[in-house]
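Have a look at the structure below, then the notes.
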Amino acid sequence: MSGADLARVETFYSSSRSDSPLSLPRRLGAATVGALLVSAGSLGLAACSTVATASVGTCTNLSDLQDEITDIPAVGCDTSHDAEVFHLAALDDGDYPGDDAVGEAADQACYDAFEAYVGTPSEESAVAYLVIPPNEETWTKANDREVVCIAATEDPVEQSFRDSGL
């Protein structure tokens, strides 16, 4: 991949929205993601111009979402996994509104969709969610408006998070 490749930012939010202000994006590995699922921190992972997306219901592993994310590898939901795409949201067209506005809109979209998918309000859930919003480069150069919402747990499961009540 060339230096001209675009980047996307991934921001982790715990199930508790009291800790959800945007932080500065950082490149961190999946081991850190697992630690942050417990400590209610936030993180960012960069991806390149191949804008990562997946279908709602795609199960995956956080360990596969390291460094540059070019796709979200699928695994069977009946096999061991710790993450699942639960919502895709499209942000409004127009000029890039800024990192804070995009992050807040992305977080709100994922928060609003969480309970309907998992079956438990995010504040009461054992499942956290990960937000993958567009950043300024992907917004302007790749016309990226998609937010990918990923439910995640510290301990792997062998079931879908859909209607799980976890």
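Any read-out appearing in this document is the output of simple, stated calculations on the displayed coordinates, not a laboratory observation. In this text, all values refer to a predicted model and were calculated from it rather than measured experimentally.
So the values come out like this:
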quantity	calculated
Length gained when the stretch THR53-GLU158 is fully extended (0.36 nm per residue, less Cα-Cα span)	35.6 nm
Diffusion coefficient, µm² s⁻¹, Stokes-Einstein with Kirkwood Rh over alpha-carbon pairs of the range 61-102 at 20 °C and 1.002 mPa s	162
